[in-house]
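The values are calculated or read from the model by the stated rules, or taken from the named source; none is laboratory data. All of these numbers come straight from a predicted model, not from anything done at the bench. So basically every Cβ, Gly included, is an ideal-geometry build from the backbone, and we count neighbours across all protein chains shown.
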2 protein chains.
Amino acid sequence: MRASPERLRITYRLTCAVGEDPDAKARDIAWEQTVELPEGSIPPDVEQRIVGEVEAIEPLGAGRWMAAITFDPVTVGADLPQLLNVLFGNISLKAGILVTGMDLPPSLLGRFPGPQLGIQGVREACGVEARRPLLSVAAKPVGLTADALADLCYRLARAGIDIVKDDHGLADQETAPFRQRVERCQQATQRANTQTGGRSLYFPNITGPAPTLEERVRFARSAGCRGVLVSPLLVGLDAVRWLAESSGLAILSHPALAGAFWHEGHGIAADVLLGTIFRLIGSDGVIYPNVGGRFPLSLETCEAINRNLRAPLGRVRPAFPVAAGGIEAARVPYWTGRYGPDTIFLVSSSLYAQPDLEGAARSLVDAVKRHGDERPIEGH
Amino acid sequence: MRASPERLRITYRLTCAVGEDPDAKARDIAWEQTVELPEGSIPPDVEQRIVGEVEAIEPLGAGRWMAAITFDPVTVGADLPQLLNVLFGNISLKAGILVTGMDLPPSLLGRFPGPQLGIQGVREACGVEARRPLLSVAAKPVGLTADALADLCYRLARAGIDIVKDDHGLADQETAPFRQRVERCQQATQRANTQTGGRSLYFPNITGPAPTLEERVRFARSAGCRGVLVSPLLVGLDAVRWLAESSGLAILSHPALAGAFWHEGHGIAADVLLGTIFRLIGSDGVIYPNVGGRFPLSLETCEAINRNLRAPLGRVRPAFPVAAGGIEAARVPYWTGRYGPDTIFLVSSSLYAQPDLEGAARSLVDAVKRHGDERPIEGH
């Protein structure tokens, strides 16, 4: 009766313990995520408007059920934090509940501008209009001086890497303080560009204490950076939404801490967290650990992340999937065929393992450009 | 060799898959959480200083191992986000790793002032010097008008509830906009105090978008509130640290989303997240779902949270455990005996289920005061 396209719709995969009734479990979510009170103890008009409605519930076999629950957007208001709260706040403390989908009604979606550059804008910033994937490499590790990191940026930019980024563990350590590092890495990247005629970009990691975020972004922008790296779950998702809307810079989001959220039977599925939510907050690119690397995501999950980042979503621009986490340079052409050209490949370890970093990076760049030239890659 | 009291020490419980070597798994954590590069591809001085050191590894049986890994504080610098990153950033994306403890060296601990009021300061604000627990009730549910919520605050304050707080789902919805709600609820609480001579406090929920946090706190303070409710995982842990250090108000932290982090074999244990981390960021009280309510934490976990909130920790003040999540009013004396008087009991559902909310709340207040008078409660 209350189900309509104007409601927030969340799908959950329920895992029922022996004797647990899926209908009661779904109904409990609808109450717990809104009024947090027992049935019968709230005014009827509040119950009618505020309590979630179980729209559908279907068996998936093996004690699992799909439940779709819808909510009046008034419960969320205009807030990302409150949207996250309705999505999984209190029920995170329960068991056997996995968020598998989130569909915002247009009224709510309109409150989230999403990526300010998106795939097309990042391509323009990098000067890569061709339908080839972009390449990114991290300057690392933490412990190097700002000059040593700048030297890495210089060599990677000389090799033609599109986006050289700080390792996400580079914060404001005494070994390479933030401002010194950003200035020197940006200058080194520009110097390489001047020599090669290239357009490599350097994205510093601005992840830091809450009161420093705006200042770090401003510093990066004034140094000439076109984008930044940030770990949304370390600084707060809404802080990133705000930076995306206000900074004018590309936002490359790192998944640090994200794996805490996805578990077989309870949590927020990786494609919802990194695909839907990280895109909604304005990430122009989202780094995730690709299948077959040193992290255990499945191919199905990686493809679902790609889909959620790129699929039509009102006026929200598509964002780049950034496949990472131990991608072998030699496998980039394979993954390009699999994921399509609107992908960024973040390759680091396999390049650093080579004696000649710049040469190894240049070979990778050549392979990707050649691959793009030789056979038009299927779109998605 | 490098182990010393001057290093950050993190303990993990490792769950090894068949054929997985616990020593290799621990060593992988030490590298992944710092340099994120394969062995042999970084300068020896960086390896020596930055890579974590596996200090101890011991079998726990059933494929589980305890690993203690220490890190040079230079890796963390002065940042809470980077501390969280070293704690569980990238390895969150792996499997079978549970953070079970975190010990900061004095140099790092000194960067976190922690609770500004602590247990003693909150007692003073409430005017409860006696060694009895404090009582808290939420004004709820979302969907009520500001006037209806204010009327609840009035009745609960008349009954003598020490801290009347917003339900954590009250954000800035059109049904009860933030400023209107805070003004009216605070006035209603003060009116009740004037009538009874009591000192009930009203804590509004200031959880909201990043750019509004400071303004909401300022508004609450100027309205006369002595404390606020916030959900650190919805707004970002470091944002709360900053509010705690700068606001002059008591910080009551809600565990929304926290359950995503604790899982049997992977994540951050509840007592580390809600006990150690929530205290470090400056929570004066931390709400958690008590055993036996509508959430599945064990008694052992609840007691570990209590311990981490109250135990000596350098100059960091102890914080109040706030047992909640379906506490029956009638069981409060039992839990007081179990948890000790330096506890806040947050009781809502069982009071709202009564036809006379104010009368039920008053009975609870009387029972707690009588219990405190009759027999001195054992300290902890």
So residue A:219 clears everything in (1) within 29 Å of residue A:281 (Cα to Cα); (2) more than 11 Å from every other protein chain (Cβ to nearest Cβ); (3) surrounded by 24 or more Cβ atoms within 10 Å (Cβ to Cβ); (4) not charged (D, E, K, R) except one condition, right? Which one?
(3)
(1) of a type outside the set (Lys, Arg); (2) in contact with a strand residue (DSSP E or B) (Cβ under 8 Å, 6 or more places away or on another chain); (3) not in a loop (DSSP other than H, G, I, E, B): which one isn't true of residue B:255, the others all being true?
(3)
Considering residues that are under 23 Å from residue A:129 (Cβ atoms), assigned to a helix (DSSP H, G or I) and either in contact with a helix residue (DSSP H, G or I) (Cβ under 7 Å, 6 or more places away or on another chain) or hydroxyl-bearing (Ser, Thr, Tyr) (or both), the number found within region A:291-343 is 6
Matching option when the condition is among the charged types (D, E, K, R) and either at pLDDT 95 or above or farther than 27 Å from residue A:343 by Cα (or both), among A:39, A:129:
A:39
Result of the Cβ filter at 6 Å on region A:76-97, keeping first residues that are within 9 Å of residue B:257 (Cα to Cα) and within 7 Å of chain B (Cβ to nearest Cβ) and partners that are surrounded by fewer than 24 Cβ atoms within 10 Å (Cβ to Cβ) and charged (D, E, K, R), at least 6 apart or interchain, is A:90/A:32
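Looking at the structure I just gave you, is residue B:288 within 20 Å of residue B:244 (Cβ to Cβ) and either assigned to a helix (DSSP H, G or I) or within 13 Å of chain A (Cβ to nearest Cβ) (or both)?
Against the criterion (within 20 Å of residue B:244 (Cβ to Cβ) and either assigned to a helix (DSSP H, G or I) or within 13 Å of chain A (Cβ to nearest Cβ) (or both)), residue B:288 qualifies.
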Please identify the pairs in which a residue from region A:342-367 that is at the interface with another protein chain (Cβ under 10 Å from one of its Cβ atoms) has its Cβ atom under 7 Å from the Cβ atom of a residue that is of a type outside the set (Lys, Arg) and part of a strand (DSSP E or B), counting only partners at least 6 apart or on another chain.
A:348/A:137; A:348/A:138; A:351/A:137
Every residue in region B:128-146 that is closer than 17 Å to residue B:368 by Cβ, touching a residue at least 12 places away in the same chain (Cβ under 8 Å) and part of a loop (DSSP other than H, G, I, E, B), please.
B:128, B:130, B:131, B:132, B:133
Flagged in region A:34-75 as assigned to a loop (DSSP other than H, G, I, E, B) and either of a type in the set (Lys, Arg) or facing chain B (nearest Cβ under 8 Å) (or both), in numbering order, are A:34, A:35, A:36, A:37, A:38, A:40, A:41, A:42, A:43
Hey, does region A:265-275 have a residue that's of a type outside the set (A, V, I, L, M), buried (at least 19 other Cβ atoms within 10 Å of the Cβ) and in a loop (DSSP other than H, G, I, E, B)?
yes
With the requirement that a residue be touching a Ser or Thr at 6+ places or on another chain (Cβ under 9 Å), within 14 Å of chain B (Cβ to nearest Cβ) and of a type in the set (A, V, I, L, M, F, W, C), what does region A:171-213 give you?
A:171, A:176, A:178, A:206, A:213
Residue A:110 - would you say it is closer than 30 Å to residue A:79 by Cβ, surrounded by fewer than 16 Cβ atoms within 10 Å (Cβ to Cβ), out of contact with any helix residue (DSSP H, G or I) (no Cβ under 7 Å at 6 or more places or on another chain) and not charged (D, E, K, R)?
yes
Quick check: is even one residue across region B:85-105 touching a strand residue (DSSP E or B) at 6+ places or on another chain (Cβ under 7 Å), within 19 Å of residue B:240 (Cα to Cα) and outside any strand (DSSP E or B)?
yes
